[in-house]
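The structure appears below as structure tokens.
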Amino acid sequence: MQVFKEIQPLKAFLKDKWNVLSIGMVPTMGALHIGHLSLIKASKGENQLTICTIFVNPAQFNNAIDLQKYPRNLDRDLEMLANVQCDVVFAPDIKEMYAQKFTVQFDFGQLDKILEGKFRPGHFSGVALVVSKLFHIVKPSIAYFGQKDFQQFKVIQKLVDELKFDLQLKQMPIFREADGLAMSSRNTRLGEADRKKAIIFYESLLMAKKLLMQGQSIFQVKEVVKQKCESVEGVKLDYFELADSENLNLLEAVSDKSVLLIAGFVGEVRLIDNLLLNQ
């Protein structure tokens, strides 16, 4: 496994491979878990070269404390990637990716103003900026993302379409802990008591799906989910919505392409999750 921390050496390494090899890329912010490794394995099964990028992107954080506390353990990440035989790792520092203060802004219309965008203004602009940089640097054939960040994937789809990046995007299923908690790097910040409470969002999704399938309205279900979350000390619900899984337009009734999305805090840690109704 080769590790690069600078752009030019990586591009020099890739220069004679772009036209002859299929390159899979898995963008991450580190603090890797089994879900990330599943993306690496998927890429290795479909490409001749797999690159994992590790970069905690300051442009997508609108909370300085969240950025400061985001878990980082590069040595452990590299060990995990070596164990699954990842071919290349690109782990730049901030100065390598942002030589000067970032000022470029992206606007995705309604897509980045709802759900996460409503609670984290500027977040998806920062995501689009760093993903654009990585796509230009690596020039992957296929880029792999996890379903947990459902809205992020839709934003990146729009980015690829609008800017005509010559690559394919793949969204891979959510990996969950034994109790159903969606795997996330932020889970490592949960204390023992909050970790037990954290499954409330997945439980809410399952309950909501059941109630909707029984014929209850989304308005009734929203109230039930709100009450469930309010009943647990230390849990704060940011949103719970039913949306079209193709374009994320918010829905007032179930369709054949519906997705439930939820986000909120358990203690100081913000978590997100989602559930496709046709699964």
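Condition (residue is within 28 Å of residue 145 (Cβ to Cβ), assigned to a helix (DSSP H, G or I) and either in contact (Cβ under 8 Å) with a residue 60 or more places away in the chain or open to solvent by 40 Å² or more (accessible area, probe 1.4 Å) (or both)) applied to region 217-225: is it met by at least one residue? Scanning region 217-225 turns up at least one residue that is within 28 Å of residue 145 (Cβ to Cβ), assigned to a helix (DSSP H, G or I) and either in contact (Cβ under 8 Å) with a residue 60 or more places away in the chain or open to solvent by 40 Å² or more (accessible area, probe 1.4 Å) (or both). What is the residue count in region 55-83 for residues that are over 24 Å from residue 153 (Cα atoms), of a type in the set (Val, Ile, Thr) and either open to solvent by less than 80 Å² (accessible area, probe 1.4 Å) or in contact (Cβ under 8 Å) with a residue 24 or more places away in the chain (or both)? Residues flagged as over 24 Å from residue 153 (Cα atoms), of a type in the set (Val, Ile, Thr) and either open to solvent by less than 80 Å² (accessible area, probe 1.4 Å) or in contact (Cβ under 8 Å) with a residue 24 or more places away in the chain (or both) within region 55-83 amount to 0. Consider residue 214 carefully, then state whether it is open to solvent by 70 Å² or more (accessible area, probe 1.4 Å) and either among the acidic types (Asp, Glu) or at pLDDT 95 or above (or both). Here the answer is yes, as residue 214 does meet what is asked. Filtering region 1-24 for residues that are of a type in the set (A, V, I, L, M), within 16 Å of residue 133 (Cβ to Cβ), in contact with a Pro (Cβ under 9 Å, 6 or more places away or on another chain) and open to solvent by 20 Å² or more (accessible area, probe 1.4 Å) leaves a non-empty set. Mind checking whether some residue in region 156-174 is within 18 Å of residue 37 (Cβ to Cβ), open to solvent by 20 Å² or more (accessible area, probe 1.4 Å) and of a type in the set (A, V, I, L, M, F, W, C)? Checking region 156-174: at least one residue is within 18 Å of residue 37 (Cβ to Cβ), open to solvent by 20 Å² or more (accessible area, probe 1.4 Å) and of a type in the set (A, V, I, L, M, F, W, C). Close Cβ contacts (under 8 Å, 6 or more residues apart or on different chains) running from residues in region 85-100 that are closer than 21 Å to residue 36 by Cβ and aliphatic (A, V, I, L, M) to residues that are open to solvent by 10 Å² or more (accessible area, probe 1.4 Å) and in a loop (DSSP other than H, G, I, E, B) comprise 88/1; 89/1; 91/5; 91/55; 97/55. Number of residues in region 175-198 that are under 13 Å from residue 32 (Cα atoms) and either open to solvent by 60 Å² or more (accessible area, probe 1.4 Å) or among the small types (Gly, Ala, Ser) (or both): the value is 4. Of the residues making up region 112-132, not a single one is in a strand (DSSP E or B), within 24 Å of residue 245 (Cβ to Cβ) and open to solvent by 30 Å² or more (accessible area, probe 1.4 Å). Are any of the residues in region 33-47 at pLDDT 95 or above, over 26 Å from residue 177 (Cβ atoms) and buried (at least 19 other Cβ atoms within 10 Å of the Cβ)? Yes. State whether the residues of region 24-44 include one that is in contact with a Leu (Cβ under 6 Å, 6 or more places away or on another chain) and within 30 Å of residue 249 (Cα to Cα). Looking through region 24-44, at least one residue is in contact with a Leu (Cβ under 6 Å, 6 or more places away or on another chain) and within 30 Å of residue 249 (Cα to Cα).
Residues in region 133-151 that are under 30 Å from residue 12 (Cβ atoms) and in a helix (DSSP H, G or I): 6 in all. Considering region 228-272, the residues that are hydroxyl-bearing (Ser, Thr, Tyr) and within 18 Å of the chain's Cα centre (by Cα) include one that is surrounded by the most Cβ atoms within 10 Å (Cβ to Cβ), namely 245. Tell me, please, whether a residue that is within 28 Å of residue 102 (Cβ to Cβ) and of a type in the set (Val, Ile, Thr) can be found in region 24-32. Yes, region 24-32 has at least one match.
The values are calculated or read from the model by the stated rules, or taken from the named source; none is laboratory data. In this text, all values refer to a predicted model and were calculated from it rather than measured experimentally. Neighbour counts are summed over all protein chains in view; Cβ atoms, including those assigned to glycine, are modelled from backbone coordinates with ideal geometry. Each accessible area value is taken on the protein alone, full model and side chains, heavy atoms only, with ligands, DNA and RNA left out. Shrake-Rupley method; radii C 1.70, N 1.55, O 1.52, S 1.80 Å.
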